[in-house]
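FYI, it's all coordinate maths here, none of it is from the lab. Quantities reported herein were computed from a predicted structural model and do not represent experimental measurements. Here the Cβ is made from the backbone with ideal geometry for all residues, glycine too, and neighbour counts use every protein chain on show.
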Number of protein chains: 2
Amino acid sequence: MQNFSYEHLYRFTYDMLFQIGCPESDAKTATEVLLSADLRGVDSHGVARLSGYVRLWEKGRINAKPKVKVTYETPSTAVVDGDSGLGLVVAPFAMKVAMEKAKNVGTGWVSVKNSNHYGIAGYHAMMALEQDMIGISLTNASPLVAPTFSKERLLGTNPISVAIPAKEEPPFVADMATTTAANGKLEILQRKGLDTPTGWVQDKSGNPTTSANGVKDGGALLPLGGDREHGSHKGYALGAIVDIFSAVLSGANYGPWVPPFVAFLDPLPNLVGEGIGHFFGAMRVDAFRPADEFKSHMDNWIRRFRTAETTPGNEKVIIPGDPERELEYIRMKDGIPLLDPVVKDLTELGERFGVKF
Amino acid sequence: MQNFSYEHLYRFTYDMLFQIGCPESDAKTATEVLLSADLRGVDSHGVARLSGYVRLWEKGRINAKPKVKVTYETPSTAVVDGDSGLGLVVAPFAMKVAMEKAKNVGTGWVSVKNSNHYGIAGYHAMMALEQDMIGISLTNASPLVAPTFSKERLLGTNPISVAIPAKEEPPFVADMATTTAANGKLEILQRKGLDTPTGWVQDKSGNPTTSANGVKDGGALLPLGGDREHGSHKGYALGAIVDIFSAVLSGANYGPWVPPFVAFLDPLPNLVGEGIGHFFGAMRVDAFRPADEFKSHMDNWIRRFRTAETTPGNEKVIIPGDPERELEYIRMKDGIPLLDPVVKDLTELGERFGVKF
C-alpha cells in the first residue's frame with residue numbers, strides 16, 4: 001500500500017485519457033468523476049478501474065470522442081444517446097440536461113442509452129446540490145446479481161444515489177448498491193482469506209454460501225435482504241426498478257443483456273438495446289416550498305437523527321454521506337492509498353502509452 | 001376466520017364512512033382504496049383498520065369533509081394540502097394532479113402535507129398504469145423503526161411503490177416497506193407464539209431480538225438489511241429518503257414527529273409540520289420513447305426474469321406484483337378472510353353507528 005496525492009493521480013489519469021484521444025474538457029470531467037470515488041473511499045470505482053476503461057477502448061467498445069446528444073425530449077424529460085462514450089463523460093452531460101429542465105419546469109428526468117460505466121453514482125447526484133436541487137442518479141451494470149429464487153445472474157449491483165441539500169449541515173447523500181454488499185467488499189475478504197457474512201453470496205448451484213470466492217466461482221451476489229425471509233425480494237425489486245428506469249425507458253440493454261465491464265468478456269449476441277443505461281433526476285427544492293425553509297428543516301432532520309440515543313457500543317447515528325465526506329477531507333490532505341497490484345497495473349498502463357506514473 | 005364477499009365489505013365500509021360524514025364520492029374512493037389492500041393480501045392495511053380511522057375522526061384528528069387543494073405548483077410539481085382528510089381520499093387526489101402534470105410536461109411530482117394514513121402505497125402508484133404512465137407512491141408513517149445504530153424509533157415503515165406498465169404481460173408492481181418485515185408480519189407470529197427471524201426487530205435496549213413482541217415491548221422494527229453487516233444502513237437511507245420527499249418537501253411532520261396512527265397516542269408537542277406526508281410521481285412512458293416500444297420491451301424483461309433457472313426448491317422467479325394480483329383474483333371470487341377479532345371489532349363498530357355488519 002502506498003499513498004499518492006490527489007494531484008498526482010489527477011495528472012496521470014488526465015494524461016492517460018488525453019492519450020487515448022479524449023478531448024481536453026472530457027478528460028478533465030472524466031478524471032474528476034473517477035477520482036471522486038478514490039477520495040470518497042469507493043476504491044473499487046476509482047483509478048483502479050482506469051486500465052479497465054482503456055482495455056474497453058482498445059476493443060472498440062468505448063468511443064473516446066463521442067457526440068453525446070439529446071435524441072428525444074419533453075419539457076421535463078429527455079433521452080440522451082451517449083454514442084458509446086465513457087459513462088464518466090456521458091453522465092455529467094445528462095445530469096446537466098436534467099438540471100436545465102428543472103430550472104424551467106421544476107424537475108428534470110433523463111434516461112440514457114449507449115453509455116458505459118459511469119463511476120460512482122453519488123458524483124452525479126451531488127451535482128444538483130449547488131443549485132438547491134435534489135439530485136438522483138441510477139445506473140444498471142453488468143449482471144452479477146441473482147434475483148430472489150433465481151440461479152442466474154440477471155441484474156447488476158444497480159446503485160441508487162439521492163443527494164439532498166441542507167443549510168448549515170452538510171448535505172444528505174445516499175449512494176448504495178441495491179445488493180447486500182458490493183463486489184469490492186468481496187475482493188477485500190478474498191485478499192484476507194476470510195469468509196463473508198450470510199446473505200451476501202450464493203454459489204453456482206444457487207445455494208447460500210459464505211465463500212468470498214462465490215461470485216468468481218460462478219455464483220452470484222444477492223439483493224439487499226439476502227434471502228426471502230430477510231426481504232431479498234425488496235432488494236431485487238429495487239434493482240429491477242433501477243434497471244427499467246435506466247434501460248427500458250432509454251433503449252439501452254437491460255437485465256442479463258447489459259454488456260460486461262471487463263474487456264475479456266464479450267457482450268451477448270442479439271442485444272436488446274444500445275450500451276448500458278443510466279437515469280438521472282433533478283428536483284428544484286423551491287418547486288415545492290421556499291428553499292431556505294426546506295433547508296432549515298433538513299438541518300433539523302439531520303440534527304435530530306445524528307443526536308439520537310444509540311444502541312450499545314455505537315457512538316452515533318450516521319447521516320448518509322457523513323463517512324464519505326470525512327474520508328474525502330482526510331484523503332485530500334494525506335493522499336489516496338493504492339494497493340500494490342493497482343500501482344503495478346497503473347505503472348504498466350502508463351508505460352504502454354508513454355505516460356509516467 | 002370467516003370469508004366475506006367484496007360486495008359485503010364494500011357496502012359496510014362505504015356506509016360507515018358515509019355515517020361519519022364523508023361525502024358520497026369520497027366515501028366511494030376511500031372504500032375502494034381500503035379494500036384493495038384486503039384483495040391484494042395486505043390484510044393489515046385493509047378493512048381491519050377501519051375502526052382505527054373512525055377513532056381518529058372521533059378524536060378530531062381526521063376531517064371527514066376536507067377541502068383538499070393544491071397550495072403551490074410549477075409545471076411539473078405541486079404541493080397538496082390534505083386539510084386533515086383521510087389519506088385514502090387525499091392520496092388519489094394528489095396522484096391525479098401528478099398525472100395531469102405528466103400529461104402536460106412529461107412528468108408530475110406531488111408532495112402532500114396535512115394528510116393521514118393512505119392505505120396501501122400500491123393502489124395510488126397503479127392509478128398511473130391505465131394511462132401508460134409509470135406511477136410512484138411514497139408515504140411516511142408513525143415512528144416504529146430504528147435507524148442503524150439508533151435505539152430510538154425515528155422512522156415509519158415508509159413504503160415505496162413503483163408501478164410500470166407492460167403490453168401483454170401484467171404490469172410490474174413493487175410495493176414494499178423499507179423495513180425487513182412489516183408490522184403485520186410480527187402480529188401473525190405473535191398470534192402463533194413464534195419467534196421472528198434475525199434482523200427484524202431490536203429490543204428496548206437496542207439489542208437484536210427474535211421476540212415477536214419486541215416492538216410492542218418498546219423495541220423497534222429494523223430497516224431492510226437488519227444490521228450494518230447485512231446492509232441496514234441502506235434500508236435506513238431508503239426510509240429517510242421517503243420521509244424527506246414526503247414531508248420535508250411538503251411541510252408535513254417528519255421523523256419522530258409523525259403523528260401516531262393509533263388514537264390512544266397523542267401527537268408530540270411542538271410539531272414540525274402538518275399531519276403526515278406523501279409523495280407521488282407520474283412519468284408518461286412516451287415522454288421517453290414510443291409507449292408500444294417500451295411496453296414490448298417490458299414484456300421481454302418480465303418473460304426473461306420469470307423463466308430464469310431457479311435455485312433449489314423454488315418453482316419460478318416472481319415478478320413484483322404477481323402474488324398480489326393472483327390473490328386479488330382469488331379473493332374477488334371466493335371472498336376475503338377476516339380474523340375473528342376483526343369481525344368482532346367491525347360488528348361493534350357498526351353497532352355504535354347503526355350500520356349492520
Output for the stretch A:200-232: trypsin sites (Lys or Arg not before Pro) sitting in coil per DSSP, at most 15 other Cβ within 10 Å, listed by number, reads A:204, A:216
Would you pull out the residues with amide H under 5 Å of residue B:167's amide H, same chain only if 5 or more places away, H placed 1.01 Å from N?
B:299
Give the long-range amide H neighbours of residue A:4: residues separated by 5 or more places, or on another chain, with amide H under 5 Å away, using H modelled in the peptide plane at 1.01 Å from N.
A:336, A:338
Run the reach check for residue A:67 against lysines, Cα to Cα strictly under 20 Å, same-chain hits fewer than 8 apart removed. What comes back?
A:28, A:59, A:96, A:113
Distance between modelled label sites at residue A:299 and residue B:309, nm, 7 Å Cα→Cβ extension:
5.8 nm
³J(HN,Hα) computed for each position of the stretch A:90-105 - Karplus, 6.51 cos²θ - 1.76 cosθ + 1.60, integer Hz, glycine/proline x:
5, 5, x, 4, 5, 5, 5, 4, 4, 5, 4, 5, 4, 4, 7, 10
Nm distances between the label at residue A:1 and the same-position labels in the remaining copies, 7 Å along Cα→Cβ, shortest first?
5.6
Karplus-derived HN-Hα couplings along the stretch A:307-314 (A = 6.51, B = -1.76, C = 1.60, θ = phi - 60°), whole Hz, x at Gly and Pro:
9, 5, 4, 9, 6, x, x, 10
Distance in nm between pseudo-label sites at residue A:20 and residue A:333 (7 Å out along the Cβ direction from Cα)
3.4 nm
What does the copy distance list look like for residue A:293, label position 7 Å along Cα→Cβ, in nm and ordered from shortest?
4.2
Taking alpha-carbon centroids only, the stretch A:130-148 lies from the stretch A:167-196 a number of Å equal to 14 Å
Sequence-distant or interchain residues sharing an amide H contact under 5 Å with residue B:155, placed H: which?
B:144, B:145
Taking only DSSP H segments of four or more residues, each worth -39500 (n - 2.57), what value at 222 nm results for the protein assembly as shown once the sum is divided by all its residues, to the nearest 500 deg cm²/dmol?
-11500 deg cm²/dmol
For the stretch B:115-221, listing GluC sites (Glu not before Pro) in a DSSP loop whose Cβ sees at most 16 other Cβ atoms within 10 Å gives B:168
Note on chain B: contact order normalised by length, alpha-carbon pairs under 8 Å, 6 or more apart, percent, works out to 21 percent
At R0 = 35 Å, how high is the FRET efficiency between residue A:228 and residue B:228 if r is their beta carbon distance? Nearest 0.05 is fine.
0.95
Counting partner chain Cβ atoms within 10 Å of every residue's Cβ in B:170-181, what's the average?
3
Where a ≥ b ≥ c are root eigenvalues of the Cα gyration tensor, a/c under 1.5 meaning rounded, otherwise prolate if a/b exceeds b/c and oblate otherwise, the stretch A:182-305 counts as oblate
Taking a label point 7 Å from Cα toward Cβ, how far is residue B:341 from its twins in the other copies, in nm, shortest first?
5.5
If one builds a Gaussian network model of chain B from Cα atoms under 10 Å apart, the most fluctuating residue listed among B:155, B:34, B:189 is B:189
In whole Hz, the Karplus estimates of ³J(HN,Hα) for the stretch A:233-244 (6.51, -1.76, 1.60; θ = phi - 60°; x where Gly or Pro) are 5, 6, x, 4, 4, 5, x, 5, 4, 4, 4, 5
Using 7 Å Cα-to-Cβ label points, what is the residue B:55/residue A:6 separation (nm, one decimal)?
5.5 nm
Taking loop as defined by DSSP and a crowding limit of 13 other beta carbons within 10 Å, which chymotrypsin sites (Phe, Trp or Tyr not before Pro) in the stretch A:228-288 fit?
A:264
